[in-house]
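The values are calculated or read from the model by the stated rules, or taken from the named source; none is laboratory data. As the structure is a computational prediction, the values presented were derived from the model and not from experiment. Here the Cβ positions follow ideal geometry from the backbone for every residue, glycine too, while neighbour counts run over all protein chains shown. To get the accessible areas, we keep the full protein, side chains included, count just its heavy atoms, and leave off ligands, DNA and RNA. Shrake-Rupley method; radii C 1.70, N 1.55, O 1.52, S 1.80 Å.
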Amino acid sequence: MRNAFALFAAYVLAIGMACAEVGDIAPFTRGTFAQIRAEHASRPLVLHFWSLTCPPCITEMPRLAAFARAHRDFDLVLVTTDPIEQSERVAARLKTWGLTDAANFAYADNFVERLRFEVDRNWHGELPFTALIKPDGSVKTVEGELKTEDLVAWLDKGLTQ
Amino acid sequence: MIRPTCRFVRTTAIAASCLASSLALAHDPSMHGSHAMSGMSPHAGACTEPVPQCASSATPLFDKEGALRVIYAVGGRVYVARSGDDGRTFQPPVAISSAPANIDESNEGRPTLVMSQAGVMAAAWSIWRDKQWNAMVLFSRSLDGKTFSPPRPLAKSVSQRFPSLGFASDGTLWVTWLDKRNIASAKAAGDTYEGAALALSVSHDDGANFSPSVIVSDRTCECCRISLAFDPDGGPVASWRQIYGKNFRDHEVGRFGADAKSVNGIRVSEDNWAIDACPHHGPSLSIDAAGTRHIAWYTGGGVRKGLFYAHEAGQNAAFSAPQPFGDNERTAQHPQVLAHVGALVRAWKEFDGETTAILFQASYDNGDAWTPAKTIATTRDASDHPILIAKGERIFLSWLTKEEGYRLMPLPLTPER
């Protein structure tokens, strides 16, 4: 009985610790892609995948953050492919970019093939990776660096339609 | 526009996630404080026992007695487990690293284990060592197959990842990895420096001492593992993803110089994959008894896209034309190639939206004609890369999956070999 109580106490303590670590980063799991699309269906959506361990991602993020702050005509949603247990480290990095208030997700499902397949069945896991989704439902994917001129061109087309 | 989203979904899902993580944390007395949650393992919330099934990758080796050894990481520690029955059961593992660390447990950056002809085991892996995600390659060896030396770094450079190692037939231990030491000096000189570099170090005393590491090739891709094999005369040959021109990330195969300070390589094929990204998709190299080098790789190039195979008749020979394989509609990925006693096998992973399968083909004419693709194993949850490994005359698939655990499966090869 005493052991059971100790276990319970440890469990309650552990919940507090774990939740304090998670921060404001939502889990990205099976079906999350469709949920995000539905929530942002009325506006152009830039869904951007990145990782702490991906140098090109880290290089391009400040530019993407600045662009998103300067343009109010699309929604930016960020998904890190780092496991959600790494949220503390992810949040620290997001803070340096001023992206703490963005819609942030982290992988919470290790069946990564299925997560990728939902976004783009031809995506082999390259990072960074971006899905550009228009209100009409059309999806354009970009492997690697998201060039500002390409993003501008995509947004211009979206607005003229 | 930056604005928060999915508030309701987020709150409830985080609660569920916290619950799962906390349960794992509370139930394992071997975990201490925040380190328990710091590993990169995507399985961390589900499973914390030091067994292969709780790892995200498991790399196999057959020892001198023919027993299987598997190296893997769980909860920030690296373990080696021995199996006397080809992976059906494992003896209690030996922990190589005592202090928990933030280990690179990605399928690409996996811990790796090799053995010399005399039975010395050598292991290498990398850890994330600071908040800037700089990494460090660690090395450990075992002279008796039971105890391992304390892990130690092989270089003092700013960041090292993706170690690959192997014993040559003369007993020399070759270690290569991706290293970022030249980036800072290039930037200081006003040059841009994409990617990382191929570093090399050798040991002539079974890993007791190593030569100072040197960079043998600058501007490699920074996030794809290196494949290391040996020519019949014992010369070490590596294959890796190199950056050509501005940003074509294609493959190179090259033999290291006997002085361990150079590499003599050629480009396998001009796939022209122009991408500023981390493909997380390294090549696979195997060299047969006649010295023909066989390579399998993935490219998303402008010239070709998918999995490809080619061979080179020997040093300085030209590579054969890239031969496509696998089903691009099923995201064919992570190819492996192995040449062994007259047979050549290639295996890879495919995913159809629900099920992940490992398929293989065999060739008995040096890679010109191949048997029809055949599925050897499947799973319906997370899985490691497939690995091919040989024992005696047989070739096995080594595959760790979340649902089924570790499996070692002999490939049903046709008898005309």
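Checking each residue in the stretch A:67-84 for being more than 7 Å from chain B (Cβ to nearest Cβ) and farther than 22 Å from A:I133 by Cα picks out only A:D82.
Results for (1) of a type in the set (A, V, I, L, M, F, W, C); (2) more than 27 Å from B:T375 (Cβ to Cβ); (3) modelled with pLDDT under 95, shown as yes or no for each residue.
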site: B:R267; (1), (2), (3): no, yes, no
site: B:C278; (1), (2), (3): yes, yes, yes
site: B:H281; (1), (2), (3): no, no, no
site: B:D288; (1), (2), (3): no, no, no
site: B:R304; (1), (2), (3): no, no, no
site: B:F308; (1), (2), (3): yes, no, no
site: B:P324; (1), (2), (3): no, no, no
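Does A:A153 satisfy the condition of being in a helix (DSSP H, G or I) and either open to solvent by 10 Å² or more (accessible area, probe 1.4 Å) or among the hydrophobic types (A, V, I, L, M, F, W, C) (or both)? For A:A153, the condition - in a helix (DSSP H, G or I) and either open to solvent by 10 Å² or more (accessible area, probe 1.4 Å) or among the hydrophobic types (A, V, I, L, M, F, W, C) (or both) - is met. Mind checking which residues of the stretch A:38-87 are touching a helix residue (DSSP H, G or I) at 6+ places or on another chain (Cβ under 7 Å), among the hydroxyl-bearing types (S, T, Y) and assigned to a loop (DSSP other than H, G, I, E, B)? Matches in the stretch A:38-87: A:S51 only. Of B:K349, B:K305, B:K402, all but one fail to be closer than 30 Å to B:R267 by Cα, surrounded by fewer than 22 Cβ atoms within 10 Å (Cβ to Cβ) and within 14 Å of another protein chain (Cβ to nearest Cβ); the exception is B:K305. Just one of the listed residues (B:V303, B:V341) is of a type outside the set (D, E, K, R), in contact with a Phe, Trp or Tyr (Cβ under 9 Å, 6 or more places away or on another chain) and farther than 30 Å from B:P50 by Cα, and it is B:V303. The C-beta contact set for the stretch A:40-66 (first residue more than 10 Å from chain B (Cβ to nearest Cβ) and without any contact (Cβ under 8 Å) to a residue 40 or more places away in the chain, second residue assigned to a helix (DSSP H, G or I) and not charged (D, E, K, R), distance under 6 angstrom, 6+ apart or interchain) comprises A:M61/A:W97; A:P62/A:W97. Among residues of the stretch B:75-100 that are closer than 16 Å to B:L408 by Cβ, none has a Cβ under 7 angstrom from a residue that is at pLDDT below 95 and open to solvent by 40 Å² or more (accessible area, probe 1.4 Å) at a sequence gap of 6+ or on a separate chain. When B:P324 is evaluated against the numbered criteria (1) under 18 Å from the mean Cα position of the chain (by Cα); (2) away from chain A (no Cβ under 14 Å), which criterion, by number, is the only one it fails? Tallying (1) under 18 Å from the mean Cα position of the chain (by Cα); (2) away from chain A (no Cβ under 14 Å), B:P324 fails exactly one: (1). Could you grab me the full set of residues in the stretch A:85-101 that are touching a residue at least 24 places away in the same chain (Cβ under 8 Å), open to solvent by 10 Å² or more (accessible area, probe 1.4 Å), facing another protein chain (nearest Cβ under 9 Å) and not acidic (D, E)? Result: A:R89, A:R93, A:G98. Filtering the stretch B:132-147 to residues that are farther than 30 Å from A:E88 by Cα, assigned to a loop (DSSP other than H, G, I, E, B) and open to solvent by 20 Å² or more (accessible area, probe 1.4 Å) leaves B:L143, B:D144, B:K146, B:T147.
B:F139 fulfils the conditions (1) modelled with pLDDT of 95 or more; (2) more than 15 Å from B:S98 (Cα to Cα) except for a single criterion, (2). For the stretch B:216-231, a tally of residues being open to solvent by 40 Å² or more (accessible area, probe 1.4 Å) and on the phi < 0 side of the Ramachandran plot returns 2.
Could you tell me whether A:H71 is more than 14 Å from the chain's Cα centre (by Cα) and either modelled with pLDDT under 95 or under 30 Å from B:A135 (Cα atoms) (or both)? Considered against the rule, which asks whether it is more than 14 Å from the chain's Cα centre (by Cα) and either modelled with pLDDT under 95 or under 30 Å from B:A135 (Cα atoms) (or both), A:H71 comes out as yes.
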